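Remarks on the structure that follows.
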Ligand SMILES: CC(C)(COP(=O)(O)OP(=O)(O)OC[C@H]1O[C@@H](n2cnc3c(N)ncnc32)[C@H](O)[C@@H]1OP(=O)(O)O)[C@@H](O)C(=O)NCCC(=O)NCCS
């Protein structure tokens, strides 16, 4: 897994040593207005990051790719992640601290990861599952030219009734 450097941010492969800094980044309640929940403790987050450092599911069928997002100032502001399946699909997700929203950083970080997934991991289809109410995430995906899936695709990704599945061909 490579470090991805752009003029406005760097994506660093996530390791357990990021846990302390990231627990602060991920503690803001605004992030969880529509989905997910903050890490229950620093220890929990460190354990989770340690497991993710394997970069693979136990049966080897999924690659787990997590990058933390660092600004040129040195500050960590969030993460982007992808689960890459053997059939060249990738399910992506992202979270940024609310102090940094609406500056183009989320879309830039995600687009940087998508380019890497295509060039270095051979991904041909990007997918994202989000709560229907999560208008910020939907706006980001629309900006990056994701489209709403048809009904048939939704079951493949286990999207619930209150969720959207958005797709983009690589
Ligand atoms: C979703 C999230 C990553 C967006 O990050 P961001 O850095 O604010 O995104 P960007 O600044 O790149 O914005 C991308 C587009 O979405 C639009 N957008 C973002 N927030 C918006 C809002 N509150 N209202 C309307 N549009 C919004 C922007 O206007 C931009 O489009 P534009 O440049 O064409 O105007 C951020 O809101 C977040 O971390 N939310 C909480 C976690 C979360 O919901 N993750 C997704 C789980 S599926």
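Numbers for the structure displayed
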{"item": "Selection from the stretch 25-44 of residues that are part of a helix (DSSP H, G or I) and either in contact with a strand residue (DSSP E or B) (Cβ under 9 Å, 6 or more places away or on another chain) or without any contact (Cβ under 8 Å) to a residue 24 or more places away in the chain (or both)", "result": "25, 29, 31, 32, 42, 43, 44"}
{"item": "Test: residue 47 is at pLDDT 95 or above, in a strand (DSSP E or B) and closer than 29 Å to residue 163 by Cα", "result": "no"}
{"item": "Filter result for residue 94 (under 26 Å from residue 132 (Cβ atoms) and touching a residue at least 40 places away in the same chain (Cβ under 8 Å))", "result": "yes"}
{"item": "Members of the stretch 1-24 that are within 12 Å of residue 79 (Cβ to Cβ), outside any strand (DSSP E or B) and out of contact with any helix residue (DSSP H, G or I) (no Cβ under 9 Å at 6 or more places or on another chain)", "result": "21"}
{"item": "Qualifying residue in the stretch 141-162 (condition: within 29 Å of residue 17 (Cβ to Cβ) and crowded, with 16+ Cβ neighbours inside 10 Å)", "result": "no"}
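Every residue, every condition in (1) touching a strand residue (DSSP E or B) at 6+ places or on another chain (Cβ under 9 Å); (2) assigned to a strand (DSSP E or B); (3) surrounded by fewer than 16 Cβ atoms within 10 Å (Cβ to Cβ); (4) at pLDDT 95 or above, yes or no:
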residue: 67; (1), (2), (3), (4): yes, yes, no, yes
residue: 74; (1), (2), (3), (4): no, no, yes, yes
residue: 78; (1), (2), (3), (4): yes, yes, no, yes
residue: 84; (1), (2), (3), (4): yes, yes, no, yes
residue: 87; (1), (2), (3), (4): yes, no, yes, yes
residue: 112; (1), (2), (3), (4): yes, no, no, yes
residue: 116; (1), (2), (3), (4): yes, no, no, yes
residue: 123; (1), (2), (3), (4): yes, no, no, yes
residue: 139; (1), (2), (3), (4): no, no, yes, yes
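The values are calculated or read from the model by the stated rules, or taken from the named source; none is laboratory data. Predicted model, so just to flag it, every value in this text is computed and none were measured. Virtual Cβ from ideal backbone geometry, glycine too; neighbours counted across all protein chains shown.
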